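A.B. asks: Below you will find the structure I want to go over with you.
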Amino acid sequence: MMHPASRIDFTLTPQIFKLAVPVIATSQMDNVVGIATIYMVGKLGPTAISAVGISWQIIVVIMVTMMAITTGAFALIAQAIGAGSARDASATAKQAFSLLSVLSIGISLFGIVATPAILAFLSVPPEVAGLAKPYLLVFFASLILMALTYTQMTCFFAAGDARTPFYIALISNVIIVVASYGFIFGTWGLPRLGVVGSAYGQIVGRILSVALFFWALYSGRFAITLLPNTSYRPNWDLARRILKIGIPAGLQGLFRNGSGLIFLKFVALTTSSTAALAAFSIGNQVERVVRRTSLSFGTVATTLVGQSMGAKDPDEAERRGWTTLVISVFSLAIFGLPVVFFARPILAIFTEASDVIAIGIVYLYAVALAEPFMCAAVVAGGGLQGAGDTVPALIYTLVSQWLIRLPVAYLLAFPLGYDTTGLWTALVIFSALQGFLTARKFLKGEWKARRI
């Protein structure tokens, strides 16, 4: 085992930020779209805000099932690039696209049928559900576009190219915002569709994104290329390797965001249901900005650890992983300060409702306190994923989010009577536990002997 002092090498800082900055910028553009959407539909009232916020909570749960494919492909592509095998990288990418297409079609059909039942299960108020249902139906009908976009982006990140996804995301997200505005308010001759108009705006931008990514992948000008001597036809051995790594990660995402849906149900059951849902919807957009920064550092850890493991250098993988973890946790602690200091002005951008703002301020305080711990969990988990070890993060998610978060949240909010404040407190408690468990697992270094 490496000496503790040798695990951290700050000379890697420029390399880490060279990859992290464009990854963060790319991922934050999705948040900009989400915030812009909340701002636009906010003109239609708190009910519209709640409808979009709840819809995105459901969408996130659906999207993480794709991690069963994208995470496995990420690790294999990163290791193939580290080993200098462009052909293996291409074969893995094509196999991931094929698997993903089949999976997304199945999920789309399920979602279209199950949407009313999902909204009823979450105890969503009828006026909110009436707006959320058509939004979700349009999303499910176009799911394959979003799924392909994220998988294409993953291919570039795994190859160490974060700039190309940034430029493509910049173009497509501008189109999404402009098209959403047109469909929401009926400008430029487009029909006025209200909340569901933002879903149609997403379709327009995603079509462009998929086309641009495929052009880049086939052009031969970038770090990864789809080669003619590799195939989209099913390759069961390669598919098995992708899924062996990816299924635990997919289950982790499913359980993590599934717990988020139960948590959302708790929010809907609090004393001021509509105000609490609106505060959660706005605050959750801010939380996503912070969380995507953590996830971006996790992407960096997966890329750097995976490429080092592919190059048969586990000690370098460990240095890269630990240095990324230390830098990212410190960065997220600093990043949380503006969230605390400007909580009220941030919420006031989206709503003038005093009850919504009061509930949302406490939520944002909890987000700022919890995120450095969650960042440790995400980055340590990203390092484990780069080595192909995805089971521990699944276990720690189950323990911290299902055995700790939900029972503690329910106990504090309802039997003890702390209402939404109790829910936000549980966020901090489970984040600290998950961060500790995952970082400790990465510290043990057993993943360095893993072969995939």
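The values are calculated or read from the model by the stated rules, or taken from the named source; none is laboratory data. Note that this is a predicted model, so its numbers are computed, not measured. Every residue, glycine as well, gets a Cβ built from its backbone with ideal geometry; the counts of neighbours run over all protein chains shown.
A.B. asks: If the requirement is being part of a helix (DSSP H, G or I), within 23 Å of the chain's Cα centre (by Cα) and within 30 Å of L122 (Cα to Cα), which of these qualifies: G306, G260?
C.D. replies: Exactly one residue qualifies, and that residue is G260.
A.B. asks: Evaluate the following for T37: is it out of contact with any Phe, Trp or Tyr (no Cβ under 6 Å at 6 or more places or on another chain), more than 19 Å from V289 (Cα to Cα) and of a type in the set (S, T, Y)?
C.D. replies: no
A.B. asks: Among the candidates A377, A343, A358, A348, single out the residue that is surrounded by 19 or more Cβ atoms within 10 Å (Cβ to Cβ) and under 15 Å from I282 (Cβ atoms).
C.D. replies: A343
A.B. asks: While we're here: Can you tell me how many residues in segment 182-203 are of a type in the set (A, V, I, L, M) and either under 13 Å from T149 (Cα atoms) or in a loop (DSSP other than H, G, I, E, B) (or both)?
C.D. replies: Of the residues in that region, 3 qualify.
A.B. asks: If L347 satisfies all but one of (1) within 25 Å of the chain's Cα centre (by Cα); (2) without any contact (Cβ under 8 Å) to a residue 60 or more places away in the chain, what's the number of the condition it fails?
C.D. replies: So the condition that L347 fails would be (2).
A.B. asks: L226 is checked against (1) under 30 Å from G84 (Cβ atoms); (2) modelled with pLDDT of 90 or more; (3) in a helix (DSSP H, G or I); (4) touching a Ser or Thr at 6+ places or on another chain (Cβ under 9 Å) and fails just one. What number does that condition carry?
C.D. replies: L226 satisfies every listed condition except (3).
A.B. asks: If you don't mind, another one. Please find, among G72, G42, G53, G84, the residue that is over 23 Å from the mean Cα position of the chain (by Cα) and in contact (Cβ under 8 Å) with a residue 60 or more places away in the chain.
C.D. replies: Result: G42 is the single residue among G72, G42, G53, G84 that is over 23 Å from the mean Cα position of the chain (by Cα) and in contact (Cβ under 8 Å) with a residue 60 or more places away in the chain.
A.B. asks: Also, I was wondering about something else. Is segment 357-365 home to any residue that is more than 18 Å from L433 (Cβ to Cβ), in a helix (DSSP H, G or I) and touching a Phe, Trp or Tyr at 6+ places or on another chain (Cβ under 7 Å)?
C.D. replies: yes
A.B. asks: One residue is enough: does segment 113-129 have a residue meeting the conditions closer than 30 Å to A25 by Cα, assigned to a helix (DSSP H, G or I) and among the β-branched types (V, I, T)?
C.D. replies: The answer is no; no qualifying residue exists.
A.B. asks: May I ask you to list the residues in segment 383-401 that are crowded, with 24+ Cβ neighbours inside 10 Å, modelled with pLDDT under 90 and part of a helix (DSSP H, G or I)?
C.D. replies: Answer for segment 383-401, where residues must be crowded, with 24+ Cβ neighbours inside 10 Å, modelled with pLDDT under 90 and part of a helix (DSSP H, G or I): Q385, G386, A393, T397, Q401.
A.B. asks: Does segment 374-382 contain at least one residue that is at pLDDT 90 or above and over 17 Å from the mean Cα position of the chain (by Cα)?
C.D. replies: Looking through segment 374-382, none of the residues is at pLDDT 90 or above and over 17 Å from the mean Cα position of the chain (by Cα).
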